[in-house]
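So the structure is just underneath, and the comments pick up after that.
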Amino acid sequence: MHPVAKRQRLEVLIGILGFFTVMAFVAAVVEVFRGDPGVTPALVLLGCLVLSGLAITARKRMR
């Protein structure tokens, strides 16, 4: 696979993960303000943050 194509795919993955991270953050904040905070939205947010961080780290190593 060509390095440029690999970098582009990784950047698309970062964009998708970023979108879902923002949505998970919004869901977690809404749960807190409703007065019914749950563990599930927080864990989903944590998972999204970890995956986003790993993808960004992989992109930095690729340069």
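The values are calculated or read from the model by the stated rules, or taken from the named source; none is laboratory data. Keep in mind it's a predicted model, so treat the numbers as computed, not measured. Glycine gets a Cβ as well: all are built from the backbone with ideal geometry, and neighbour counts include every protein chain shown. With ligands, DNA and RNA removed, areas are computed over all heavy atoms of the protein, side chains included. Shrake-Rupley method; radii C 1.70, N 1.55, O 1.52, S 1.80 Å.
Just one of (1) at negative phi; (2) open to solvent by 50 Å² or more (accessible area, probe 1.4 Å) fails for residue 35. It is (1). Output yes when any residue across the stretch 41-50 is in a helix (DSSP H, G or I) and small (Gly, Ala, Ser), and no when none is. Yes, because at least one residue in the stretch 41-50 is in a helix (DSSP H, G or I) and small (Gly, Ala, Ser). The criterion of being of a type in the set (A, V, I, L, M) and either over 28 Å from residue 6 (Cβ atoms) or at pLDDT below 95 (or both) holds for residue 28. Residue count for the stretch 38-57 under the criterion of being over 14 Å from residue 15 (Cα atoms), of a type in the set (A, V, I, L, M, F, W, C) and open to solvent by less than 60 Å² (accessible area, probe 1.4 Å): the result is 2.
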